[in-house]
Every structure is written in C-alpha cells, then in structure tokens.
Amino acid sequence: MTDTFSFTLHKQDGLARRGTVHTLHGDIRTPAFMPVGTAGTVKALYMDQVRDAGADIILGNVYHLMLRPGAERVARLGGLHKMSRWKGPILTDSGGFQVMSLAQLRKLTEDGVTFQSHIDGSKHFLSPERSMEIQRLLGSTIHMQLDECVAFPHTPEDAERAMKLSLRWAERSRVAFGEQPGRGCFGIVQGGADAELREQSARGLVDIGFHGYAIGGLAVGEGQEIMLSTIEATQPYLPLDKPRYLMGVGTPLDLLESVARGVDMFDCVMPTRSGRHGQAFTSTGKMNLRNAKFAEDERPLDETIDHPALRDYSRAYLHHLVRAGEILGMMIVSWANIAYYQHLMAGMRDAIDRDRFETFRSDTRAKWDAGEPPA
C-alpha cells in the first residue's frame, strides 16, 4: 500500500506488458481482470472467494450504487470497502454507460445528463463533478471520468460529437478529482471505430494528464475484428508508463488478443452472468452444463487447474444443479469462471515474464479450438 498512485512496467514481450499498479489499497498485478461487483457484490460469490481466486481488484458501478443504496448512505456506513468486506483496490465506473443504456427519458446537455431511474422512475442528474463526488463518497481507489458512450452502429457525426463532449467532460472530471494520495483518475478514449477520432481523443486526454487511460465505447455490438483494430489504432498514443484499461471486455479470447495488443486491465460481467446460466469457461473452451452429455460425466470441470471450484465438483453434479435451477449451481459455476479468468491472467503474466507470450497465446488458442478430449 502506498500514498502514491503509480504504475511500474516490469516486462514487455512484443506489445504484451506485465506490470504493477501501486495504490492506497494495495497492488494490482497486470494484466489484470477485474470481477464486476455491480451493486457492491460480485454476484453469487463471497468476497473471500473472489480474493482467493486471484483477483487483486474489483469494479463497482456508480449508476447502480447512486440509485440504491445511495452514495451518501454508503459514505455514512464507512464506504464501499467496509460495506462489502473487500480489502483491495476498487475501480468505479462513472455511471455514464449505464445512464446511456439503462436509464429512461435521458436528456444530454453540456452540463451533464438528466435521467429517470430504471428502478422507480425517480429523476437524477449526473455531471462530471457529481460523478467524481459519488466516487469519492464510495471511497473507490480508481475513479473514471464521466463520458458519453455511443451505441454501435453510429454515424461519424455522432462519434465525433460524443468524443469531443467526452474530452470536455474529461477535463472537468480531472479538476473535480483533484489530488487524492494513493488513488487514481482515468480518462476514457472515445471516437467510435474511427482511427483519427481515437487518436485525437487519446492525445487530448494525455494533454489533460491522467493516472491511467481507458479505451471505451467498445464491446457494444461492433464485433471482435473492429474492437481489435480500434485497440491497435489507439494504443500507440497512450503513454508507456501508465496503465491501459479496456472497458467491458470480455471473452477469454478477447482478453488474450487484447493483451497481445498492449492492454493491461479488463472488466466484464461475462464470467458471473454466464455462470448463472450454466456456462463454464475452461482451458478447453466453453462448456454448456445444461447439455445432456454431462448428465453422467464424473470428471471435474477442468482437470488441469488446481482450484476447488474447477476441481472438486463433477460435471454430472453441476449439470443436475443447473437443470434443477438450484442456486448452488449458479454459485459454483460463477466461482469456477472467476477462477478460470484469474488463472488465464496469471498464465499471461508468467508467459510475458519468460518471453513466451506468443507461445502461450498460440497454445491456449489451440486448446480452445481443439475442445474437450473424450472421456
């Protein structure tokens, strides 16, 4: 733990990077996957399970927490760390993405966005300054600027307008964040799928000066090819000595290919959302545990990984739990998915350290492509 927020780049293998983000609440080993704790909980898991799976940091959502239980209440109760019993770093998003995707009757202006809650229709206003205030009240380690994320597909005009508004909001967010020892503020690169807009956004954010830089506006329906080309168009303009965060991504393949393009941090609801629907991620690819072929399969989810969620429960048992709609099935498969994602990140960190990332990348993809060997 440190009073100075910083990033140490330990090793680079091609564009893949292995580093450490140093924060008030502890270190974050990168490449890092951040489990999403939407409302102060990583769904269906205890925080001890998340930590023991290998996660250094989790994510919280400003939009959901400001509506319920409210940022001021969280602050009165000691902050998000105390409430959730998570002792490590927490990154909070700005609320902008959820406002654009979930809120009703939203009205966007230069000042901010006015919207109605999807829960009860109550009216709220979110500005760059209010988003920073909420994140400070929550007590998070990393604050994200407020931005506008445009849906895909979009017009070039919409992408440019949102990017320029996000840059203006970035400056206001950075001023509102001020200086908070051991905590960081990240800017968010926008610009749709336009390489020139992405460059303009990245350069503008670097001029403002943030502790880290996120690539936003992706994983919104554009497809993996566009996502990866956008990363390639953006990363040359991001500082080598600051962490790079790809927001809302993604599948294990997305993580592997994005690390190969210089990304350090990720978050996504996929491992827990998929787990609640009986889909497991393993070293041999995805597994739909609802399938009848697992009804009498006594093997564990993944025989190659020494973790209780992947090692100690048979596929037959998990198939039964999932088909029966038992809560325990959702819990175990979500736990297993978080453990697999952390196993994948640890494997990438080790491979980068040993100058073997490309071998690791090709071997991992080959195992996914080959699928599960017969019993």
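The values are calculated or read from the model by the stated rules, or taken from the named source; none is laboratory data. Please read all numbers here as calculations on a predicted model, not as lab measurements. With ideal geometry, Cβ positions are generated from the backbone for all residues, glycine too; neighbour counts draw on all protein chains shown.
Going through His10, His25 one at a time, which residue ends up being in contact (Cβ under 8 Å) with a residue 60 or more places away in the chain and surrounded by fewer than 18 Cβ atoms within 10 Å (Cβ to Cβ)?
Among His10, His25, only His10 is in contact (Cβ under 8 Å) with a residue 60 or more places away in the chain and surrounded by fewer than 18 Cβ atoms within 10 Å (Cβ to Cβ).
Within region 197-219, track down each residue that is part of a loop (DSSP other than H, G, I, E, B) and buried (at least 16 other Cβ atoms within 10 Å of the Cβ). Lay out the reasoning, then the answer.
Keep residues of region 197-219 that are part of a loop (DSSP other than H, G, I, E, B), which gives 209-211, 216-219.
If the condition is that a residue be part of a loop (DSSP other than H, G, I, E, B) and buried (at least 16 other Cβ atoms within 10 Å of the Cβ), then Phe210, His211, Gly216, Gly217, Leu218, Ala219 are the ones that fit.
What is the one condition in (1) free of Cβ contacts under 8 Å to residues at least 40 places away in the same chain; (2) not in a loop (DSSP other than H, G, I, E, B) that Tyr245 does not satisfy?
(1)
Every residue, every condition in (1) hydroxyl-bearing (Ser, Thr, Tyr); (2) in contact with a Pro (Cβ under 7 Å, 6 or more places away or on another chain); (3) surrounded by fewer than 18 Cβ atoms within 10 Å (Cβ to Cβ), yes or no:
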residue: Leu240; (1), (2), (3): no, no, yes
residue: Pro243; (1), (2), (3): no, no, no
residue: Met247; (1), (2), (3): no, no, no
residue: Pro252; (1), (2), (3): no, no, no
residue: Arg273; (1), (2), (3): no, no, yes
residue: His277; (1), (2), (3): no, no, yes
residue: Ser283; (1), (2), (3): yes, no, no
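Return yes or no: is Glu222 over 21 Å from Met348 (Cα atoms), assigned to a loop (DSSP other than H, G, I, E, B) and in contact with a Ser or Thr (Cβ under 6 Å, 6 or more places away or on another chain)?
When the stated conditions are applied, Glu222 does not pass them.
Could you tell me which numbered condition Thr23 fails, if it satisfies all but one of (1) at pLDDT below 95; (2) more than 14 Å from the chain's Cα centre (by Cα); (3) among the hydroxyl-bearing types (Ser, Thr, Tyr)?
Failed condition: (1).
Looking only at region 250-257, decide whether some residue is assigned to a loop (DSSP other than H, G, I, E, B) and assigned by TED's automatic domain parsing to the domain that holds Leu15.
Within region 250-257, one or more residues are assigned to a loop (DSSP other than H, G, I, E, B) and assigned by TED's automatic domain parsing to the domain that holds Leu15.
Name the single residue that is nearest to Phe115 (Cα to Cα) among those in region 142-180 being among the β-branched types (Val, Ile, Thr) and under 24 Å from the mean Cα position of the chain (by Cα).
By that ranking, first place goes to Val150.
Give region 294-317 a look and list any residue that's touching a helix residue (DSSP H, G or I) at 6+ places or on another chain (Cβ under 8 Å) and among the hydroxyl-bearing types (Ser, Thr, Tyr), or say none.
Listed by number, the list holds a single entry, Tyr313.
How do the helices (runs of 4 or more DSSP H) wholly within region 290-375 filter down when requiring 3 or more residues that are farther than 22 Å from Ile57 by Cβ and modelled with pLDDT of 95 or more: which remain? Even if it seems obvious, please write down each step before you answer.
Details: elements: 308-311, 315-324, 327-353, 357-370.
Qualifying helices (runs of 4 or more DSSP H): 315-324, 327-353, 357-370.
Would you be able to tell me the number of residues in region 141-189 that are at pLDDT 95 or above, β-branched (Val, Ile, Thr) and either surrounded by fewer than 24 Cβ atoms within 10 Å (Cβ to Cβ) or under 23 Å from Ile231 (Cβ atoms) (or both)?
4
Given the conditions (1) at pLDDT below 95; (2) closer than 26 Å to Ile90 by Cα, report the number of the one that Glu222 does not fulfil.
Among (1) at pLDDT below 95; (2) closer than 26 Å to Ile90 by Cα, Glu222 violates only (2).
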